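The values are calculated or read from the model by the stated rules, or taken from the named source; none is laboratory data. Note that this is a predicted model, so its numbers are computed, not measured. Please note: Cβ atoms are built from the backbone with ideal geometry, for glycine as well, and neighbour counts cover all protein chains shown.
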Amino acid sequence: SGIFGALPPQGEDQIIRLMGQFRADPRPDKVDLGVGVYRNAQGVTPVMRAVQTAEQQLLQSQNTKAYTALAGEQAFRDAMADLVLGPAQDPARLASVATVGGTGAVFMALRLVTMARPDAQVWVSDPTWPNHIPITQHVGLGLKTYRYFDAESRAIDAAAMLADLSQVRPGDVVLLHGCCHNPTGANPQPSDWQALATLLATKGAVPLIDIAYQGFGDGLEADAAATRLIAQTCEEVLIAASCSKNFGVYRERAGVLMVMTPPQLRDTLQGTLTALNRLNYSFPPDHGARLVSMVLTDPALRADWQAELEDMRTGMLHLRETLARELRRLTGSDRFGFLAQHRGMFSRLGATPEQVEKLRADHGIYMVGDSRMNIAGLTKANVSQVAQAIAACNI
Ligand code: PMP
């Protein structure tokens, strides 16, 4: 008569299961477009050059592993505020904490909302990064979805999104992907962002911007534009930024939660965020965050990081364009043009679950069941094979 018999079984994570299937597949020409990590032309997720250099410097210079600060190092939080908010930052309005990756930042943001407004509803795009949903439910907040993706064009349906979000109550939280929407790859236009920012400000809703791919879409500055616009338009804004992808420090768990608030509430917010770190895990991880702040504040390291990130970004764009071009040639139609319009690491192909299974079983091409494909899993060598398989499946 213990307590744990009451626990429901947890379903196996879809992406983890897919990774296992891929590994067990003996076909030499199998292609992994599943798990969401960047891979280079050799299929490797590299340690970025500047991160490697910073790590060597740190090994030489770091003489203690004693605790740092409960909110995380100020230098890291300042550097991330510069990176994400740039000219839109206002120190008088900004509170922040280092978190356990971008996931930790999302979790802390929603925990903060439960303390401030336990009856807030959290609006997420349909679809969204799957983890947004259980985190919202786990912290006990109500969940709402807003229409986002147009299945026909594979672009966003901005009118439907704005119509659904016109239903928000004051104090509701609206979760937005700052750039490079996961899983669809479809993103609002600048005019849509403007309309969205105005709507949320008018309604008194609180945007929670999850920005996990800054630099993977249209460039570091362009990818932050929507976040900056919203930070300047809305009074209260939550921003969860991940360093996992754009610094390639996935396993180090580096992220930051920033809260923009009216100046008179700033100190209370800073105290509350710090207390949340304390009660959840005390000090946040330091190693990855320190590497990030070293890279961002050393001009030579920063220039090298930006150059490498830009190569990653343009490489993915090039793969998108190649795949779209191949599909135009093979199908004689423009219906895959969206692949070149999408931004970031992912595109939702719009295939049925049966077609996704056929791609796997007949062609050795692995993607997530909702037909999300990782563009970084494509290479010069496999892109025409993938195009032929997609064309053969009549998607
Ligand atoms: N948000 C989104 C939309 C993501 O895709 C990811 C990474 N899969 C994260 C947040 C969190 O990343 P991490 O916790 O690894 O920093």
Select from segment 214-235 the residues that are assigned to a loop (DSSP other than H, G, I, E, B) and surrounded by fewer than 20 Cβ atoms within 10 Å (Cβ to Cβ) and list them in ascending order. D218, G219, E235
Picked from segment 273-321 (must be of a type in the set (S, T, N, Q) and crowded, with 18+ Cβ neighbours inside 10 Å), the residue nearest to E73 (Cα to Cα) is S293
Suppose the filter is at pLDDT below 95 and assigned to a helix (DSSP H, G or I); does P134 pass it? no
Hey, any hits in segment 122-130 for a residue that's at pLDDT 95 or above and surrounded by fewer than 18 Cβ atoms within 10 Å (Cβ to Cβ)? yes
Across segment 101-120, which residue is nearest to the ligand (Cβ to nearest atom) among those that are surrounded by fewer than 19 Cβ atoms within 10 Å (Cβ to Cβ) and either part of a loop (DSSP other than H, G, I, E, B) or not small (G, A, S) (or both)? T114
Can you work out which of the residues in segment 248-263 that are outside any strand (DSSP E or B) and over 18 Å from A212 (Cβ atoms) is farthest from the ligand (Cβ to nearest atom)? P263
Answer yes or no as to whether P188 is of a type outside the set (A, V, I, L, M) and assigned to a loop (DSSP other than H, G, I, E, B). yes
Against the definition (part of a helix (DSSP H, G or I) and crowded, with 18+ Cβ neighbours inside 10 Å), how does R328 come out, yes or no? no
Can T128 be described as in a loop (DSSP other than H, G, I, E, B) and in contact (Cβ under 8 Å) with a residue 24 or more places away in the chain? yes
For segment 26-54, name all the residues that are over 22 Å from the mean Cα position of the chain (by Cα) and crowded, with 16+ Cβ neighbours inside 10 Å. K30, V31, T53, A54
Looking only at segment 147-173, filter to residues that are under 26 Å from N374 (Cβ atoms) and within 16 Å of the ligand (Cβ to nearest atom); which one of those is surrounded by the fewest Cβ atoms within 10 Å (Cβ to Cβ)? I156
Evaluation of A351 against (1) outside any helix (DSSP H, G or I); (2) surrounded by fewer than 18 Cβ atoms within 10 Å (Cβ to Cβ); (3) under 24 Å from the mean Cα position of the chain (by Cα) (one fails), failing number: (2)
Given the conditions (1) within 16 Å of the ligand (Cβ to nearest atom); (2) over 27 Å from A98 (Cβ atoms); (3) surrounded by fewer than 24 Cβ atoms within 10 Å (Cβ to Cβ); (4) not β-branched (V, I, T), every one holds for G185 apart from (3)
Report yes if some residue within segment 198-218 is modelled with pLDDT of 95 or more, basic (K, R) and within 11 Å of the ligand (Cβ to nearest atom); otherwise report no. no
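Table: residues versus (1) away from the ligand (no atom under 16 Å from the Cβ); (2) among the acidic types (D, E).
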residue: D267; (1), (2): yes, yes
residue: L276; (1), (2): yes, no
residue: P285; (1), (2): no, no
residue: A307; (1), (2): yes, no
Looking at this structure, is G204 in contact with a helix residue (DSSP H, G or I) (Cβ under 6 Å, 6 or more places away or on another chain), touching a residue at least 24 places away in the same chain (Cβ under 8 Å) and of a type outside the set (V, I, T)? no
Candidate set from segment 89-100 (those that are buried (at least 20 other Cβ atoms within 10 Å of the Cβ) and among the β-branched types (V, I, T)); member that is farthest from the ligand (Cβ to nearest atom): V97
Could we say that L175 is in a helix (DSSP H, G or I) and either of a type outside the set (D, E) or more than 16 Å from the chain's Cα centre (by Cα) (or both) here? no
